[in-house]
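The values are calculated or read from the model by the stated rules, or taken from the named source; none is laboratory data. Not measured: the values here are computed from a predicted model. Methodologically, a virtual Cβ is constructed for each residue, glycine included, from the backbone with ideal geometry; neighbour enumeration extends over all protein chains shown.
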């Protein structure tokens, strides 16, 4: 089963680094966060990837092009007047990676629609190139098969970071309290399973897929039509949306406390 990864956006909320490279290529440890996402899927048996690139897409292609070389011990022998390359050892993963340029300004619904040529009439995994988790995609797949939905997403709990205020119409604060677990909300953590019908839904639910947000339009359409399911994951999930998120993930990795490192 193929894994489609959305990796083409501008990453404007982490522009301090994304102006130099696509957000999924920002490193945690010494590897892009995209690599961390893929390692998680591969650990659970999913090794065939379709990466939806766009902004600075050449950097993603070049990274994978160089990955074998950078992960190997190699002898370059020029003594005979020409180059003879001998690979002694390699630590590269047994992955199949398709990087497709889905357009610079294309929104997520359009990017997904453009993967149809690589997916065909098959069920596939779908996630974002900046979110890591210890979820087992096989559990999401089992829930998806049992539900009969068009798409099953992984619901994760996003903790409230700040205190909560109740303000009246005159601008007076009636109550103020610190955050509490009841203030948390379940959100779409990615790690989705999609039936091929999702391509038809994208075309049905919007006039211009290239200008349409998959989460904000397509998933809402499916929810209103009873075609969207949820697998609730109680474990770890984090999204590298800002510099603060990046620093947190980097610190966890450096200290050997990275729950998404299931491999």
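Condition first: under 24 Å from residue 123 (Cα atoms) and either more than 16 Å from the chain's Cα centre (by Cα) or not in a loop (DSSP other than H, G, I, E, B) (or both). Can you find one or more residues in the stretch 26-35 that meet it? Walk me through it before giving the result.
Residues of the stretch 26-35 under 24 Å from residue 123 (Cα atoms): 34-35.
Narrowing further to those that are either more than 16 Å from the chain's Cα centre (by Cα) or not in a loop (DSSP other than H, G, I, E, B) (or both): 34-35.
Scanning the stretch 26-35 turns up at least one residue that is under 24 Å from residue 123 (Cα atoms) and either more than 16 Å from the chain's Cα centre (by Cα) or not in a loop (DSSP other than H, G, I, E, B) (or both).
Applying the selection to the stretch 127-146, what residues are in a helix (DSSP H, G or I) and surrounded by fewer than 16 Cβ atoms within 10 Å (Cβ to Cβ)? Reasoning before the result, please.
Taking the stretch 127-146 and keeping what is in a helix (DSSP H, G or I), we get 137-146.
Answer for the stretch 127-146, where residues must be in a helix (DSSP H, G or I) and surrounded by fewer than 16 Cβ atoms within 10 Å (Cβ to Cβ): 138, 139, 142, 145, 146.
Does any residue in the stretch 1-19 that is on the phi > 0 side of the Ramachandran plot and modelled with pLDDT of 75 or more come within less than 6 Å, Cβ to Cβ, of a residue that is in a helix (DSSP H, G or I) and surrounded by fewer than 22 Cβ atoms within 10 Å (Cβ to Cβ) six or more places away or on a different chain, and which pairs are these?
11/18
When you scan the stretch 157-263 for strands (runs of 3 or more DSSP E) that lie fully inside it, which ones turn up with 1 or more residues that are under 26 Å from residue 16 (Cα atoms) and at pLDDT 90 or above? Spell out how you get there, then give the answer.
Details: elements: 164-167, 173-177, 185-188, 192-194, 228-232, 237-239.
It comes to 185-188, 237-239.
Under 6 Å between Cβ atoms, which residue pairs at least 6 apart in sequence (or on different chains) link something in the stretch 53-65 that is surrounded by fewer than 19 Cβ atoms within 10 Å (Cβ to Cβ) with a partner that is part of a helix (DSSP H, G or I)?
Once the first residue is surrounded by fewer than 19 Cβ atoms within 10 Å (Cβ to Cβ) and sits in the stretch 53-65, its partners that are part of a helix (DSSP H, G or I) give 59/25.
So, in the stretch 88-103, of the ones that are assigned to a loop (DSSP other than H, G, I, E, B) and without any contact (Cβ under 8 Å) to a residue 60 or more places away in the chain, which residue ends up surrounded by the most Cβ atoms within 10 Å (Cβ to Cβ)? Before you say what the answer is, go through the steps one by one.
Residues of the stretch 88-103 that are assigned to a loop (DSSP other than H, G, I, E, B), as a first pass: 91-95, 102-103.
Those still in the list that are without any contact (Cβ under 8 Å) to a residue 60 or more places away in the chain too: 91-95.
Working: 91: 9, 92: 11, 93: 14, 94: 6, 95: 17.
Among residues in the stretch 88-103 that are assigned to a loop (DSSP other than H, G, I, E, B) and without any contact (Cβ under 8 Å) to a residue 60 or more places away in the chain, the one surrounded by the most Cβ atoms within 10 Å (Cβ to Cβ) is 95.
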